[in-house]
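The values are calculated or read from the model by the stated rules, or taken from the named source; none is laboratory data. A quick note: this is a predicted structure, and the numbers were derived from the prediction, not measured. Positions of Cβ are generated from backbone atoms using ideal geometry, with glycine treated the same way; all protein chains shown enter the neighbour counts.
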Amino acid sequence: MAGLPVLTAAETRAAEAAAIAAGTSVTALMDRAGRAVADLAWRIAGAHYPILILCGPGNNGGDGYVAARILGERGAPVTVAALADPTTDAARAARGGWSGPVVPLAAADPAFLVIDALFGTGLTRPLSAEVEAALAIPARHRIAVDVPSGVATDDGALLGAVPRYTATLALGALKPAHLLQPAAGLCGRLFVADIGLSASASVETVVRPVLAPPSPADHKYTRGLVAVVGGAMPGAARLAASAAAHAGAGYVLLLGAGGGGLPDAVVTRPADVLPEVVADRRLGALLVGPGLGADGAAPLAAALRAAAPLVVDGDALRQVTPEALADRTAPTVLTPHDGEFAALFGALPGSKIDRARAAAARADAVVIAKGADTVIAAPDGRVRVADGASPWLSTAGTGDVLAGIVAAQLARGLAPLAAAETAVWLHGEAARRAGPAFVADALVARLPAALGAAL
Ligand SMILES: NC(=O)C1=CN([C@@H]2O[C@H](COP(=O)(O)OP(=O)(O)OC[C@H]3O[C@@H](n4cnc5c(N)ncnc54)[C@H](OP(=O)(O)O)[C@@H]3O)[C@@H](O)[C@H]2O)[C@@H](O)CC1
Ligand SMILES: [K+]
């Protein structure tokens with residue numbers, strides 16, 4: 001199943017221009033946008049609770065005037081406060097359709113619902129104190145039109161004090177700011193209004209995969225042999241191995257990290273059999289990095305020679321170079337958090353999406369840039385962004401679990417980007433099922449149920 005497209009401000013403008021070239025007017029697009037805003041506001045506030053609509057000078061403000069007209073026609077108590085007069089033809093026309101009063105921003109009173117139509121994709125500079133004060137007007141609920149005013153559409157940075165919203169209504173398509181931190185954390189529930197834009201996007205959201213159960217012809221090797229390289233901290237490798245076993249792998253081998261807490265089904269062998277395992281044609285995927293320690297040069301060098309798909313995680317990411325990774329001929333998936341990403345690729349420019357994409361091209365690997373806003377990038381430029389990750393995932397061992405799940409998906413034959421996307425979804429679903437304050441081991445225990453939800 002394809003994810004939702006994610007468009008930058010420029011891509012959105014291009015989609016808008018294409019729609020206009022195909023015969024739709026800006027006014028028609030704005031009317032659809034304003035109607036969608038009004039419908040959402042109506043569901044929250046209905047006809048009896050005061051609604052304050054903050055309108056900016058551009059087309060985001062235009063959407064606000066359209067919503068004001070429609071809500072007013074339905075009998076809702078609407079007040080409009082404007083930063084300045086409209087500056088675009090479409091916004092002027094929308095302003096003309098609103099017959100109620102328009103007060104200056106500074107004169108706006110608190111309301112049950114504030115609709116923020118100050119700035120959308122056209123934000124070009126930091127917010128003024130006047131705008132920040134208006135955004136901070138007390139309200140029970142806030143809806144952001146397209147994006148919260150003050151967030152940078154393309155990278156999710158904050159250009160001022162932005163409040164927390166009940167909901168954000170993305171117009172036409174999601175934007176990076178809806179998914180990337182810190183903006184994503186302020187958007188509240190995300191809705192996408194279909195206003196008739198069509199665009200193919202190289203960036204999509206991660207969605208629930210559609211997995212197939214094993215066929216009668218399958219056996220443990222076709223289900224996938226995963227080998228996990230242990231190291232200085234064997235617990236991390238055990239966790240990863242256990243995750244691989246619970247995420248559908250047919251056979252899991254753990255090298256040099258035996259000990260308690262493992263399912264008996266996971267086969268443990270001494271570390272020095274790694275060259276033999278790497279040469280085994282039945283190997284489906286190799287994982288190196290969890291708990292490897294700072295002294296992992298020898299096993300890492302052996303792992304890089306694997307003809308099977310390789311997952312590089314944790315400590316290994318600090319001991320490898322993008323060039324060594326790019327030299328591999330079999331698929332490689334990297335799972336860095338921010339610190340490991342910086343250690344491996346240095347400070348790259350642009351949004352997290354831009355950085356992950358550049359890193360993937362440089363290392364010729366799929367990069368899973370982890371965090372509250374996990375971004376998956378492939379060397380060919382395709383990107384998948386996960387939304388709504390459990391905040392409780394920020395605990396020790398969850399990265400080891402993810403690496404094990406990725407290895408299991410590669411071992412059963414998924415292409416690297418699909419393996420990464422499937423793994424990130426399963427990891428997120430297991431976390432959702434685990435509830436609050438789980439330990440990483442509990443995440444592993446939820447993996448079969450998460451997998452079941454994708455069959
Ligand atoms: N794409 C689509 O298909 C559709 C898009 N639609 C809607 O249009 C929105 C984009 O509209 P937009 O391009 O007019 O920009 P918008 O966000 O209203 O802001 C521009 C204005 O704000 C000003 N300004 C900027 N920053 C500022 C600051 N910090 N402080 C003060 N002022 C600031 C800026 O001034 P300037 O930089 O020019 O001096 C300019 O006047 C989009 O998000 C969606 O809601 C729908 O209507 C229909 C279909
Ligand atoms: K807005």
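One table, with the values for the structure above:
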{"quantity": "Some residue of segment 174-188 being within 14 Å of ligand 1 (Cβ to nearest atom) and either closer than 20 Å to Thr79 by Cβ or surrounded by fewer than 16 Cβ atoms within 10 Å (Cβ to Cβ) (or both)", "calculated": "no"}
{"quantity": "Count of residues meeting criterion [surrounded by fewer than 24 Cβ atoms within 10 Å (Cβ to Cβ) and in a helix (DSSP H, G or I)] in segment 441-455", "calculated": "9"}
{"quantity": "Selection within segment 312-334 - in contact (Cβ under 8 Å) with a residue 60 or more places away in the chain and among the hydrophobic types (A, V, I, L, M, F, W, C)", "calculated": "Val333"}
{"quantity": "Of residues in segment 86-103 being in contact with a Pro (Cβ under 7 Å, 6 or more places away or on another chain) and in a loop (DSSP other than H, G, I, E, B), the one farthest from ligand 1 (Cβ to nearest atom)", "calculated": "Pro86"}
{"quantity": "Of all residues in segment 48-63 being away from ligand 1 (no atom under 12 Å from the Cβ) and part of a loop (DSSP other than H, G, I, E, B), the one that is surrounded by the fewest Cβ atoms within 10 Å (Cβ to Cβ)", "calculated": "His48"}
{"quantity": "Output for segment 116-151, where each listed residue is basic (Lys, Arg) and more than 11 Å from ligand 1 (Cβ to nearest atom)", "calculated": "Arg140, Arg142"}
{"quantity": "Output for segment 86-132, where each listed residue is within 16 Å of ligand 2 (Cβ to nearest atom) and of a type in the set (Lys, Arg)", "calculated": "Arg125"}
{"quantity": "Selected residue [assigned by TED's automatic domain parsing to the domain that holds Leu52 and in contact with an Asp or Glu (Cβ under 9 Å, 6 or more places away or on another chain)] from Arg95, Arg69, Arg74, Arg125", "calculated": "Arg95"}
{"quantity": "Yes/no for Leu105 being within 23 Å of Ala170 (Cβ to Cβ) and buried (at least 17 other Cβ atoms within 10 Å of the Cβ)", "calculated": "no"}
{"quantity": "Matching entry among Gly435, Gly428 (being assigned by TED's automatic domain parsing to the domain that holds Arg328, surrounded by fewer than 15 Cβ atoms within 10 Å (Cβ to Cβ) and under 21 Å from the mean Cα position of the chain (by Cα))", "calculated": "Gly435"}
{"quantity": "Counted residues, segment 269-311 - those being touching a residue at least 40 places away in the same chain (Cβ under 8 Å), in a strand (DSSP E or B) and among the aliphatic types (A, V, I, L, M)", "calculated": "6"}
{"quantity": "Residues satisfying the stated conditions in segment 104-114, i.e. away from ligand 1 (no atom under 12 Å from the Cβ) and either more than 26 Å from Leu186 (Cβ to Cβ) or within 35 Å of the chain's Cα centre (by Cα) (or both)", "calculated": "Pro110, Ala111, Phe112, Leu113, Val114"}
{"quantity": "Residue list for segment 131-167, filter: within 24 Å of His48 (Cβ to Cβ) and of a type outside the set (Lys, Arg)", "calculated": "Ala134, Ile137, Pro138, Ala139, His141, Ile143, Ala144, Val145, Pro163, Tyr165, Thr166, Ala167"}
{"quantity": "Residue under evaluation Ala117, criteria (1) touching a residue at least 24 places away in the same chain (Cβ under 8 Å); (2) over 27 Å from the mean Cα position of the chain (by Cα), criterion not met", "calculated": "(2)"}
{"quantity": "Residue that is farthest from Ile353 (Cα to Cα) [pool: residues in segment 1-15 that are among the hydrophobic types (A, V, I, L, M, F, W, C) and part of a loop (DSSP other than H, G, I, E, B)]", "calculated": "Met1"}
